[in-house]
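The values are calculated or read from the model by the stated rules, or taken from the named source; none is laboratory data. Bear in mind that the values here come from a model prediction, so they are computed numbers and not experimental data. Every residue, glycine among them, receives a Cβ derived from its backbone with ideal geometry; neighbour counts consider all protein chains shown.
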Amino acid sequence: MILELDDVAATESLGATLWQRLPEKSLVFLNGELGAGKTTLVRGVLRAAGYQGAVKSPTFTLVEEYEIAERKILHFDLYRISDPEELEWIGIDDYMAQKSLCFIEWAQLGEGVLPCPDLILTLTLQGQKRLAQLLPVSQNGQKVIQPQ
């Protein structure tokens, strides 16, 4: 499924849809170049969940954790890792075992260590707009693209 996102609000709206449709334990890989809107999408998830604080990219911290509405949201950014084995040092298996909605930017850098995602979402810049390609990999991922 490919969606055209006209602006930041549309990207955040897609995030809100993910919040509504993804089960409590789901893994989403977020692909796209720098500035494509990956963190904006996660901000949309968090706003839909009721979070009002600042939402920053976890580029330097690797992970930001949020507890909202009795659900846990994990936001990873693997841009700065140089070897997938670094994920084992931060306890990636423990994070993945949690009942959480987990978003991972630059997941390809963790290839071989990360589990299979439920959904692969790729954001591509096209002028002032973005294209969002949603590729469900599991039944959880299928719930995002099913008509409501």
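Descriptive notes on the structure:
- Any hit, the stretch 120-138, residues being under 17 Å from the mean Cα position of the chain (by Cα), at pLDDT below 85 and either closer than 16 Å to Glu24 by Cβ or charged (D, E, K, R) (or both): yes
- Residue ID - farthest from the chain's Cα centre (by Cα), chosen from residues in the stretch 49-81 that are more than 19 Å from Met96 (Cβ to Cβ) and basic (Lys, Arg): Arg80
- Inside the stretch 43-92, residues that are in a helix (DSSP H, G or I) and surrounded by 14 or more Cβ atoms within 10 Å (Cβ to Cβ) make up a count of 10.
- Restricting attention to the stretch 94-148, the residues being surrounded by fewer than 13 Cβ atoms within 10 Å (Cβ to Cβ), free of Cβ contacts under 8 Å to residues at least 24 places away in the same chain, more than 23 Å from Glu70 (Cα to Cα) and small (Gly, Ala, Ser) number 1.
- When restricted to residues that are out of contact with any helix residue (DSSP H, G or I) (no Cβ under 6 Å at 6 or more places or on another chain) and either at pLDDT 90 or above or assigned to a loop (DSSP other than H, G, I, E, B) (or both), the stretch 26-38 contains 7.
- Tally, over the stretch 89-111, of residues that are more than 22 Å from Lys56 (Cβ to Cβ) and either of a type in the set (Lys, Arg) or at pLDDT below 85 (or both): 2
- Candidates Val42, Val28: the one that is under 27 Å from Gln128 (Cβ atoms) and touching a Leu at 6+ places or on another chain (Cβ under 6 Å) is Val28.
- Looking only at the stretch 109-139, and only at residues there that are of a type in the set (Val, Ile, Thr) and in a loop (DSSP other than H, G, I, E, B), the one that is nearest to Val42 (Cα to Cα): Val137
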